[in-house]
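Asks: The structure follows.
The values are calculated or read from the model by the stated rules, or taken from the named source; none is laboratory data. Everything quoted here is computed from the prediction, not taken from an experiment. Cβ placement follows ideal geometry from the backbone for every residue including glycine, while neighbour counts extend to all protein chains displayed. Side chains are part of the model used for accessible areas, which takes the heavy atoms of the whole protein and leaves out ligands, DNA and RNA. Shrake-Rupley method; radii C 1.70, N 1.55, O 1.52, S 1.80 Å.
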Amino acid sequence: MRTLCGRSSNQRGLFSLVAMKMRPCGAVFIALAFAFSLAAAPAGAAPAPNANSVLILDSTVTSGASSLEAQAATIAGFTVVVVNATQWAAMTQADFASYRAIILGDPTCVTGTAPIAAAEANAMVWGPAVNGNVFIIGTDPTYHAKTNVINNAVAFAASDPAKTGAYITLSCYYHGTAPGTAVPLLNGLGSFTTTGLTGCFDAAHIVVAHPALTGLVDADLANWSCSVHEAFEAWPASFQVLALALEGNVFTAGDGTTGTPYIMARGEQLVTLGLSLQPLNALNFVGTNHTVTATLTDAQTGGPQVGVQLGFKILSGPNAGASGTCVPANCVTDNNGQVTFTYTGLGGPGQDAIIGWADTIVVNGLPDQGEPQVTAAKDWIIPETTTTTMVPTTTTLPTTTTSSTTTSTTSTTTSTTTTLSVCGDSVISGGEECDDGNNAAGDGCDDNCLVEVCWTCAGTPSVCTALDAVACDDGDVCTTGDTCQTGSCVGTEVLVRSACDWVVVAGDPARRVQVKTKQPSQVLGDICGDRAMLGEETINGGDIAVTESTFRNAIRFGEGADVVGDIVTGGGGVRGRPRGTLLPGLAIDEVTGGNVQAKDPLSDYDTTGSHPQVAACQLAQDGIDTAGAALLGLSTTVSVGKVKVPRGTSITIAPGTTPGVVAGAVNVVEFESLTIATDGTILLDAGGNAATVYVIRVLGKFSMALRSSVVLAGGQLAENVIFHGDGKKCHLGLRVTGSGVVICPNAKVKLNALAVWDGAMLSGKGKAFIGEGAILTHQPFFGL
């Protein structure tokens, strides 16, 4: 077996658990039980141990039950069964059909088909058992630690409880093979042929909105230093192409993109997005505000599509190009699949054309081919709204004579007055929900004559009444318990607000570089620090804000660094060559060669110190100490002393297993120190209640070693996990994987090379360091 990229298949079977002894804490002995969401592999045929199980062939993954594929299944709440080739060969079609999903993963880019020999040998046994969702990818996501791709694919494959799905990677098995190469592994699913690309295709593009790719963008699939190893030339008609390599030009997708197919899927949960705008037509006075509400749904089921980026633009008319504001502020759909967009009509009378679109295929702030789009019209008028129309009226007057009958016709005119229907005229008409006789917002009936949140309106003209003690949504994802209070929607700030708004926050009284990334890491979220240094080829998928006011290297970019969002400082300079879409003519301070340009018009470049992100960053830095003190003040659920998780073993913290831990409650598990050794795992189980919160409070050293991991199970949400290191060390080592907020008020935070973490890194008195090839992704983290 030969290897690609200097990698070989280092497989492990099931490993035994080593009992870990824990010393008493004070006079009380409290133990954490060891457990896996892992069923013992049977000696022969292996029907699923329960209806919630997935099956993995061990030769197709790395580290068996600790593989990224197994972790993805555990995160999704499934029992994982890992079998070897002999056990696989003994299974019947009925055995395979008893599983929710079959996983043939990536053994870290192995060439040659030896890892899939067992699956090829009985492809006509397990293949027909797969009647659910199927995801097939012609590359090696495990080798590149693309957990976002793996987690999505596994969840999609196993999403139908009544069927058996499959997640299949071709890894690097066929790399370099000739065109027209058959794929016998897939014979049970249909006839596939592939070509093993002899070059290195690195640019990738998602061509459809699909549940297996939810939350992913082109940047997640591209620039892997060989993003594609196998391309499909022929496939069954039941499969849909999801993504292309942008080389080869052998296939044209529905969005008009040409390229080479390498990701495809089959299943019944394909989502066609439906987008609507309300109102589609409206009339307002010049100088007032106009709001449109976009609603995104699954066009087949009508269900809301949550967490999808929308875009809005005024295409033409007197206000063409004018900016506006979204609620939610990031223009991402809320729990109702909705976003509102508001702008002020200052351009004079006329008609605006407003476009709204789902920014799903190319996430670039522009409406692209294939993305759902809707256009609405807005008429602006001056406050003169009456007209007089002269209507001719004919009256016939009969006259009788003795000789003949004649008809005399007299023409008269009458004057009628027509009043245009506009918001603020006290008459409810058109698409108005209310009309209280004015164009003012804040009184229950807003400036578009729509009923405001936390109000109810009735009558003509409308009389509006403020609501109290009614659940609402204040549009801020970083608040909880939103409730109407005398007409206003009010929520409670989350305890660790900094982690909700930013993926990295760091501050250092010694004024060293506070945020540092090594090439070619990916930090997919907003960065905040006193200063920042991004390594070569680093991708930052958000804003960079630093508070440094005078230093000429407040932000420094290595060559090829790519920044998606705003670049702002407290007045300090920016050096280097940020890559991306650039607007000529706007100079970056102190640039050392390269692009003497700023970001595109959709993002801000600001070194004046007045940008609001600078103030927000300062608040986030100050908030670390405040949050740390609040976390220390929480009542302890259970104390476990100094704990070291031995190599290759796991501890589980779960309701019913760990004393005092309760599903749906805030559970504070306190360690004097916590060290997770190589290949060790800490599993946090919500007990089936998504409201379960874990605060892992470590008073001393907090450290995770090579390939150690944090695994969430039982419906545990990443945004409800906080690791609070109150000591002088917070270190997440090489190839670590996990989720949650890591907040260390007294130490630097380090995410080492090739680690993959879904969370936030907060350092109160030191550097936040993101190592070479590491991937740090962000979502709003609530905690409590």
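Asks: Once the other residues with Cβ under 15 Å from the Cβ of Gly337 are scored (Lys, Arg +1; Asp, Glu -1), what is the net sum?
Replies: Around Gly337, the charge tally is -4.
Asks: Based on the Cα coordinates of region 600-705, what is the per residue volume of their convex hull in Å³?
Replies: Enclosed volume per residue, from the Cα hull, is 181 Å³.
Asks: Using square roots of five times the C-alpha gyration tensor eigenvalues, list the equivalent-ellipsoid semi-axes of region 140-267 in whole Å, biggest first.
Replies: 20, 18, 15
Asks: Which values, in whole Å and largest first, are the semi-axes of the equivalent ellipsoid of region 302-343 obtained as the square root of 5 times each eigenvalue of the Cα gyration tensor?
Replies: Details: eigenvalues 107, 20, 10 Å².
Taking √(5λ) for each eigenvalue gives 23, 10, 7 Å, largest first.
Asks: Normalise the Cα radius of gyration of region 110-198 by 2.2 N^0.38 Å (N = residues in it) and let me know the number.
Replies: 1.10
Asks: How long, wide and thick is region 500-553, going by the Cα atoms along their three principal axes, in whole angstroms, largest first?
Replies: For region 500-553, the Cα spread along each principal axis is 27, 26, 15 Å.
Asks: Arrange the peptides 104-112, 313-321 so that the one whose residues have, on average, the most other Cβ atoms within 10 Å appears first.
Replies: The peptides rank, most packed first, as 104-112, 313-321.
Asks: Taking only protein heavy atoms into account and a 1.4 Å probe, give the accessible area per residue of region 598-700 in Å².
Replies: That works out to 36 Å² for each residue.
Asks: Whole angstrom only: what separates the Cα centroid of region 436-466 from the Cα centroid of region 297-349?
Replies: One Cα centre to the other: 22 Å.
Asks: Measure of size requested: the Rg and Dmax of region 462-557, with Cα atoms as the atom set and Å as the unit; please supply both.
Replies: When restricted to Cα atoms, region 462-557 yields Rg and Dmax of 19.4, 61 Å.
Asks: Quick one: which of Lys146/Lys748; Lys518/Lys728; Lys146/Lys642; Lys313/Lys378; Lys146/Lys516 span more than 24 angstrom between C-alpha atoms?
Replies: Lys146/Lys748; Lys146/Lys642, as the Cα separations exceed 24 Å there.
Asks: Expressed as a fraction of 2.2 N^0.38 Å, the rule-of-thumb size for a compact globular protein of N residues, what is the C-alpha radius of gyration of region 652-784? Could the numbers behind the result be given before it?
Replies: Working: Rg = 13.7 Å, N = 133, 2.2 N^0.38 = 14.1 Å.
The value comes to 0.97.
Asks: With every protein chain kept in place and ligands, DNA and RNA left out, what is the accessible area per residue of region 100-179? Probe 1.4 Å, answer in Å².
Replies: Here the per-residue accessible area is 22 Å².
Asks: Answer with one residue from Gly660, Thr681, Gly714: the one whose Cα lies farthest towards the positive end of the charge dipole of region 641-784, charges on Cβ with Lys, Arg +1 and Asp, Glu -1.
Replies: Farthest towards the positive end: Thr681.
Asks: Here's a follow-up. Which of the aspartates and glutamates could be linked to Lys163 by a straight reach, that is with a Cα gap under 19 Å, when you skip same-chain ones fewer than 8 residues away?
Replies: Once the sequence-local aspartates and glutamates are set aside, what remains near Lys163 is Asp95, Glu268.
Asks: I'd like the carbon and sulfur percentage of the solvent accessible area for region 204-245, probe radius 1.4 Å, heavy atoms only, ligands and nucleic acids excluded.
Replies: Exposed carbon and sulfur together represent 55 percent of the surface.
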